[in-house]
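Quick notes on the structure that follows.
The values are calculated or read from the model by the stated rules, or taken from the named source; none is laboratory data. Everything numeric here is computed off the predicted structure, so don't read it as measured data. Quick reminder, even Gly has a Cβ in these numbers, built from the backbone with ideal geometry, and neighbours come from all protein chains shown.
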């Protein structure tokens, strides 16, 4: 789902919120109600897997405990619905990708073919600069043609490419768009040309409300060729902070599996909303932790959000209630 920075949704009051949830349950439709400014609802997506990494399909609101800055919170909204997907596929097209790019392009094409009616994707390549080859569309043929045009050359400006893409996705969001937005970035080497540093990139990622999946190819050393070290820290941190996942395949044959798992995850997310017990509009960072009461389950989500800073907005979207 696309969220404003901080992913805060406002309603006119707790009574209106409860009434709206009841209405949504009764109609069992993905409605987007509008309310006056008042209560702030924090929303996030959860990926829930078992010990073997398989998606867990039967989680209920009573099965988890949610904490903000260590303080227990009451879950107000809980849903598991298949919402449209909005993907940004970023492929490293620097010179070091010459041997890996054909397989990476094949894996990206396979991902595009999993998109369903209502889903969209954009395709971009990055070396020293970011080049959007195909704007967001549901046209599979256009997306595949864009992937096919990617060619290796130049240096790697990974941070710049991610920063610009996060900025664009945050700007494109609208309050009535319930699509789940994600960036999938593939690279094989260290950033050598960006003007943005890792702290600036992480800060924007925390604010943007966009899930980031990173795929870093662990290239083995080759005699006579200098291999750029992979920035595993930043790739891991971006995924962790946004609720995504970092993949580090050691062989090109593992790429298809990484893209397939990402597509499955995006379709099996749980949506959760709660009213924070901290009402201060101080713009501060609030850390979120979730524990499950069902044993050996792993719950993955964005690490927190920035509270509002007292600036009012007319209305924001509310998550649909579960139809259970």
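The figures follow:
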{"read-out": "Set 118, 53: member being closer than 29 Å to residue 248 by Cβ and part of a loop (DSSP other than H, G, I, E, B)", "value": "53"}
{"read-out": "Residue in the range 138-148 that is closer than 17 Å to residue 215 by Cα and buried (at least 18 other Cβ atoms within 10 Å of the Cβ) present", "value": "yes"}
{"read-out": "Residue check for residue 78: over 20 Å from the mean Cα position of the chain (by Cα), over 30 Å from residue 229 (Cα atoms) and in contact (Cβ under 8 Å) with a residue 24 or more places away in the chain", "value": "no"}
{"read-out": "Selection count where residues are under 17 Å from residue 302 (Cβ atoms) and not in a helix (DSSP H, G or I), scope the range 258-277", "value": "8"}
{"read-out": "Sole residue being in contact with a helix residue (DSSP H, G or I) (Cβ under 8 Å, 6 or more places away or on another chain), surrounded by 15 or more Cβ atoms within 10 Å (Cβ to Cβ) and outside the structural domain of residue 213 (by TED's automatic domain parsing), chosen from 89, 41, 64", "value": "41"}
{"read-out": "Residue pairs meeting the criteria (Cβ under 6 Å; at least 6 apart or on separate chains; first within 10 Å of residue 140 (Cα to Cα), in the range 108-126; second at pLDDT 95 or above and assigned to a loop (DSSP other than H, G, I, E, B))", "value": "120/138"}
{"read-out": "Subset of the range 101-120 that is in contact with a helix residue (DSSP H, G or I) (Cβ under 7 Å, 6 or more places away or on another chain) and more than 12 Å from residue 87 (Cβ to Cβ) - its residue that is surrounded by the fewest Cβ atoms within 10 Å (Cβ to Cβ)", "value": "113"}
{"read-out": "Residue check, residue 156 touching a helix residue (DSSP H, G or I) at 6+ places or on another chain (Cβ under 8 Å), surrounded by 15 or more Cβ atoms within 10 Å (Cβ to Cβ) and at pLDDT below 95", "value": "yes"}
{"read-out": "Qualifying positions in the range 121-135 - surrounded by fewer than 17 Cβ atoms within 10 Å (Cβ to Cβ) and part of a strand (DSSP E or B)", "value": "131, 135"}
{"read-out": "Among (1) out of contact with any strand residue (DSSP E or B) (no Cβ under 8 Å at 6 or more places or on another chain); (2) surrounded by 19 or more Cβ atoms within 10 Å (Cβ to Cβ), the one test that residue 78 misses", "value": "(1)"}
{"read-out": "Pair list, Cβ under 7 Å, 6 or more apart: the range 51-75 residue on the phi > 0 side of the Ramachandran plot, other residue part of a strand (DSSP E or B)", "value": "69/286; 69/287"}
